[in-house]
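Presented below is the structure to which this report refers.
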Amino acid sequence: MDSLDAFARAKLARLEQGALRRYLAETERGATTARRDGAPLISFSCNDYLGLSHHPEVKAAAAEALARHGVGSGASRLVTGNHPLFRVLEEKLAALKDAEDACVFGSGYLANLGIVPALAGPNDLILADALSHACLLAGAKLSGAKVMVFRHNDLDQVAEFLAAHRARHPRCLILTDGVFSMDGDLAPLVELGTLAGQWDAWLMADDAHGIGVIGGGRGSTFATGAKADVPLQMGTLSKAIGSYGGYLCASRSVAELVRNRARTFVYSTGLPPASAAAAIAALDIIARDPRFCAEPVRKARLFTDRVGLPAPQSPIVPVVMGAPERALAASAALARDGFLVTAIRPPTVPQGTARLRVAFSAAHADADVLRLADRVADIVAADCPAPATRSAAAE
Ligand SMILES: *Cc1c(COP(=O)(O)O)cnc(C)c1O
């Protein structure tokens with residue numbers, strides 16, 4: 001056992017040296033507030049973009065389901081875990097996303113680990129955006145397919161890879177985030193859909209940060225108003241939906257195949273009924289109020305206008321600081337002012353791009369958004385000369 005502990009200690013020491021060691025901070029969380037070590041903070045680090053995790057209707061739905069159906073679902077959905085609430089939830093997801101069917105998983109991470117290997121295998125080709133979420137890339141790796149990573153949002157390189165490699169593989173998947181989780185920009189889903197169609201490739205977009213906040217709440221597939229050609233719309237119920245769980249919206253036959261072959265669906269316990277009930281209530285709120293769904297991006301725009309950053313495409317605004325030490329110092333300074341803005345460091349983001357990731361919620365007060373903007377502008381200005389700051393932050 002000595003070698004095991006020595007291994008762990010050496011790894012941790014190396015992380016510490018690079019300012020890359022992470023610590024869990026106990027956080028009591030409200031819709032936009034967080035209490036750490038007794039100190040109240042306004043949080044700009046949650047993905048609860050609509051504050052629905054604390055919405056009275058959503059909480060009441062969860063409480064009722066909990067009282068009536070108990071805490072856990074008891075088994076895989078294919079055994080006895082398929083509570084009737086799942087059918088309601090899947091119908092609502094499919095309707096919001098204009099898909100024939102939907103399949104709900106235990107989490108977004110589990111969804112990606114299950115879906116990709118169910119659709120692609122060792123002889124197949126997967127093209128993935130370089131900034132795709134870790135679990136999309138993990139699913140690609142697990143599939144055993146040939147994985148080629150294209151430069152972020154680079155349509156020319158996707159076309160180049162398809163021309164050079166597509167013909168040698170029976171099937172091809174193109175993987176991308178719809179909204180990139182650490183940069184907040186959108187994927188060109190309309191153009192990717194067209195390219196995929198030309199080469200008989202299957203486009204899968206991870207819309208974890210799009211559902212509820214982009215395209216009137218319907219997600220990044222609807223960012224332009226019309227629906228982009230994305231046959232595989234994956235996402236999570238744990239961000240704007242405020243609950244927990246993952247999903248795939250697709251055709252009836254694809255959803256049915258995934259229920260049969262995705263190992264993280266087949267061999268993992270179904271979501272607790274209360275989580276499904278909460279997600280159903282949240283989806284009802286989203287479907288009836290597209291203006292509310294636009295609020296997080298409006299708040300983000302208030303912030304970027306005030307700081308002098310490019311207009312946001314989503315509720316996520318990166319303020320790139322470079323070295324991890326600088327991002328940590330900026331985060332600590334903001335905490336002293338009562339704001340929780342977590343520093344994001346490699347390997348979550350590429351080397352040299354440690355940043356503050358500012359996430360906006362419909363539940364934030366405009367005045368707090370503007371106060372934060374002024375503090376961030378001060379920190380950025382103090383940190384390096386003004387002109388360089390602007391371009392670094394805009395990267
Ligand atoms: C958070 C996230 C996931 C994982 O979803 P969970 O439900 O939290 O497991 C997947 N993809 C992206 C892009 C995410 O941001």
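See the values below:
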| read-out | value |
| --- | --- |
| Members of the stretch 43-67 found to be more than 21 Å from the chain's Cα centre (by Cα) and in contact (Cβ under 8 Å) with a residue 40 or more places away in the chain, listed by number | E57, K59, A60, A61, A62, A63, E64, A65, L66 |
| Boolean, D98 is surrounded by fewer than 24 Cβ atoms within 10 Å (Cβ to Cβ), away from the ligand (no atom under 16 Å from the Cβ) and either more than 22 Å from the chain's Cα centre (by Cα) or modelled with pLDDT under 95 (or both) | no |
| Qualifying residue in the stretch 54-63 (condition: of a type outside the set (D, E, K, R) and within 30 Å of A226 (Cα to Cα)) | yes |
| Selection from the stretch 35-67 of residues that are surrounded by fewer than 20 Cβ atoms within 10 Å (Cβ to Cβ) and in contact with a Pro (Cβ under 8 Å, 6 or more places away or on another chain) | L66 |
| Answer from A287, A279, A274 - the residue that is under 17 Å from the mean Cα position of the chain (by Cα) and hydrophobic (A, V, I, L, M, F, W, C) | A279 |
| Every residue from the stretch 104-137 that is closer than 11 Å to T264 by Cβ and among the hydrophobic types (A, V, I, L, M, F, W, C) | F105, L110, A111, L113, I115, V116, A118, C135 |
| Residue list for the stretch 34-67, filter: assigned to a helix (DSSP H, G or I) and hydrophobic (A, V, I, L, M, F, W, C) | L52, V58, A60, A61, A62, A63, A65, L66, A67 |
| The stretch 121-134 residues that are touching a residue at least 24 places away in the same chain (Cβ under 8 Å), paired with ones that are of a type in the set (S, T, N, Q) and more than 16 Å from the ligand (Cβ to nearest atom) (beta carbon under 8 Å, 6 or more apart) | G121/S143; D124/S143; I126/S143 |
| The one condition in (1) part of a helix (DSSP H, G or I); (2) within 16 Å of the ligand (Cβ to nearest atom); (3) among the charged types (D, E, K, R) that E191 fails to fulfil | (2) |
| Matching residues, the stretch 199-226, being in contact (Cβ under 8 Å) with a residue 24 or more places away in the chain, away from the ligand (no atom under 11 Å from the Cβ) and not hydrophobic (A, V, I, L, M, F, W, C) | D200, G212, G216, G217, R218, G219, T221, T224 |
| Whichever residue in the stretch 231-252 is within 11 Å of the ligand (Cβ to nearest atom) and of a type in the set (S, T, N, Q) and, among such residues, is surrounded by the fewest Cβ atoms within 10 Å (Cβ to Cβ) | S238 |
| Those residues of the stretch 261-273 which are part of a helix (DSSP H, G or I) and either free of Cβ contacts under 8 Å to residues at least 24 places away in the same chain or within 21 Å of L96 (Cβ to Cβ) (or both), in sequence order | F265, P273 |
| Condition check for R375: surrounded by fewer than 23 Cβ atoms within 10 Å (Cβ to Cβ), part of a helix (DSSP H, G or I), at pLDDT 95 or above and of a type in the set (D, E, K, R) | yes |
| Lone unmet requirement of (1) more than 24 Å from the chain's Cα centre (by Cα); (2) within 24 Å of E325 (Cβ to Cβ); (3) part of a loop (DSSP other than H, G, I, E, B) for S73 | (2) |
| Matching residues in the stretch 310-342 - criterion: being crowded, with 22+ Cβ neighbours inside 10 Å, of a type in the set (A, V, I, L, M) and within 27 Å of G219 (Cα to Cα) | I316, V317, V319, V320, L340, V341 |
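One line per residue, one yes/no per condition, for (1) closer than 15 Å to W202 by Cβ; (2) more than 16 Å from the ligand (Cβ to nearest atom):
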{"position": "A130", "(1), (2)": "no, no"}
{"position": "A134", "(1), (2)": "no, no"}
{"position": "A138", "(1), (2)": "no, no"}
{"position": "G144", "(1), (2)": "no, yes"}
{"position": "R151", "(1), (2)": "no, yes"}
{"position": "R166", "(1), (2)": "yes, yes"}
{"position": "R171", "(1), (2)": "yes, yes"}
{"position": "L175", "(1), (2)": "yes, no"}
{"position": "F180", "(1), (2)": "no, no"}
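The values are calculated or read from the model by the stated rules, or taken from the named source; none is laboratory data. In this text, all values refer to a predicted model and were calculated from it rather than measured experimentally. Don't worry about glycine lacking a Cβ; one is built from the backbone with ideal geometry, like all the others, and counts go over all protein chains shown.
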